[in-house]
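Here the structure is laid out as structure tokens; the discussion comes afterwards.
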Amino acid sequence: MRKILLALTDELRRLKTTGVKTVPVAPETLSRLKAVIETRAAAVRATSKADDTIYFAPEIPPALSAGVPSPPTVVLPQGDKSSRMEWLRDRVLNDPVCRKHLRPGKQVVVGVGNLDAKIFFCGEAPGAEEEIQGEPFVGPAGQLLTRMIQAMGLKREEVYIGNIMNWRPELPTAPGREQEGNRPPTAEELKYCLPFLEAQLQIVNPRVIVALGSTAAQGLLGVGSFKTLGEIRGRWKLFAGKPVMVTYHPSYILRNASNRSKRAIWEDLLKVMERVDMAITEKQQRYFLEK
């Protein structure tokens with residue numbers, strides 16, 4: 001049941017980013033959800049030592065969203081790309097604010113890939129698999145992103161992949177339990193990590209950035225710069241002097257594996273391929289077209 005509720009939360013969050021404000025729900029479904037929530041609330045109250053406030057994703061607990069300091073100033077040293085990236089990785093991995101937000105045994109996550117990449121894929125934040133492996137986009141959504149990159153005629157190692165956030169945004173977790181589910185980063189969290197992303201862009205110097213999902217787009221273009229992803233999806237924007245193509249997050253396809261959904265993202269990637277002067281075959285032009 002917990003996994004079902006988490007999947008439902010993710011789907012409602014996705015619908016909200018596309019402009020959907022209401023969804024029909026049968027009375028019997030509401031009754032079942034209410035019973036589950038009341039049971040969970042009672043369990044959390046029983047184990048909570050701090051207070052009786054109950055939080056459910058995507059609500060952001062004040063204790064976790066507050067206290068993020070002003071963004072750091074990042075001045076890259078002189079040198080070649082490899083030495084500058086090595087310096088930056090060490091800077092981020094040992095950043096006291098990033099490390100403060102880690103759970104025991106988890107890792108700060110920095111971008112990976114070709115330092116001469118033409119395309120820079122940018123997500124919002126690490127998830128459960130990413131904070132364990134210390135690499136962005138290695139979970140189910142990351143595996144799908146890899147297949148998308150391969151469909152473009154590239155290898156994962158030929159592009160650069162990163163997130164704005166360098167730690168997984170926390171949610172309240174019972175003692176001894178792993179965090180379940182994810183929440184969007186706050187505006188303050190995004191702003192804090194943004195200088196680290198800008199430094200990666202400065203080193204890699206890609207020709208285009210692909211913003212994966214609404215939160216990543218908000219982080220790059222400004223929180224509140226658009227209301228729904230549909231307003232800007234598939235359109236070129238600008239960040240740090242680089243053209244940005246905004247598209248859906250790969251997790252959108254995991255929840256909506258229709259040809260129509262796949263084609264929507266693919267059309268955005270075709271624009272990216274065209275922008276960086278990649279050859280596009282007739283077969284690629286026709287991917288995911290509904291019959």
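Bear in mind that the values in this text are calculations on the coordinates, not laboratory data. If you're wondering where the values come from, they're calculated on a predicted model, not measured in any experiment. Cβ atoms come from the backbone with ideal geometry, glycine included; neighbour counts cover every protein chain shown.
How large is log10 of I(q)/I(0) for region 68-285 at q = 0.08, 0.09, 0.12 Å⁻¹ when the intensity is taken from the Debye formula with one equal scatterer per alpha-carbon?
-0.27, -0.34, -0.61
Working from the pairwise distances between different alpha carbons, so that the mean of 1/r is found and then inverted, what is region 96-210's Kirkwood radius in Å?
Numbers: mean 1/r = 0.0681 Å⁻¹.
This gives a value of 14.7 Å.
Given H placed 1.01 Å from N in the peptide plane, which residues other than close sequence neighbours of Phe239 have an amide H under 5 Å from its amide H?
It is Val244, by chain and number.
Search the structure for amide H atoms under 5 Å from the amide H of Asn163, placed 1.01 Å from N in the peptide plane, and list their residues when 5 or more places away or on another chain.
For Asn163, whose amide H was placed from the backbone, the distant partners under 5 Å are Gly111, Gly123.
Output ³J(HN,Hα) for region 187-194: one whole-Hz value per residue in order, computed from phi by the Karplus curve 6.51 cos²θ - 1.76 cosθ + 1.60 with θ = phi - 60°, and x for Gly and Pro.
4, 5, 5, 4, 5, 4, 7, 4
Below 12 angstrom from the Cβ of Val75, what's the summed charge of the other residues (Lys, Arg +1; Asp, Glu -1)? Numbers along the way, then the final one.
Working: positive: Arg84, Arg91; negative: Glu198.
Here the count lands on +1.
Which order do the peptides 164-170, 101-107, 126-132 take when ranked by the mean count of other beta-carbon atoms within 10 Å per residue, highest first? Let's see the in-between values first.
Values: 164-170: 25.1, 101-107: 13.9, 126-132: 20.9.
Averaged packing, sorted descending, gives the order 164-170, 126-132, 101-107.
Which pairs in the list Lys155/Lys271; Lys81/Lys283; Lys81/Lys262 are over 29 Å apart, alpha-carbon to alpha-carbon?
Working: Lys155/Lys271 18 Å; Lys81/Lys283 36 Å; Lys81/Lys262 35 Å.
Result: Lys81/Lys283; Lys81/Lys262 exceed 29 Å.
Count charges around Val109 for me, please; just the other residues with Cβ under 10 Å from its Cβ, Lys/Arg as +1, Asp/Glu as -1. Intermediate results must be reported in sequence, preceding the final value.
Working: positive: Lys106, Arg168; negative: Glu130, Glu131, Glu135.
Residues close to Val109 contribute a combined charge of -1.
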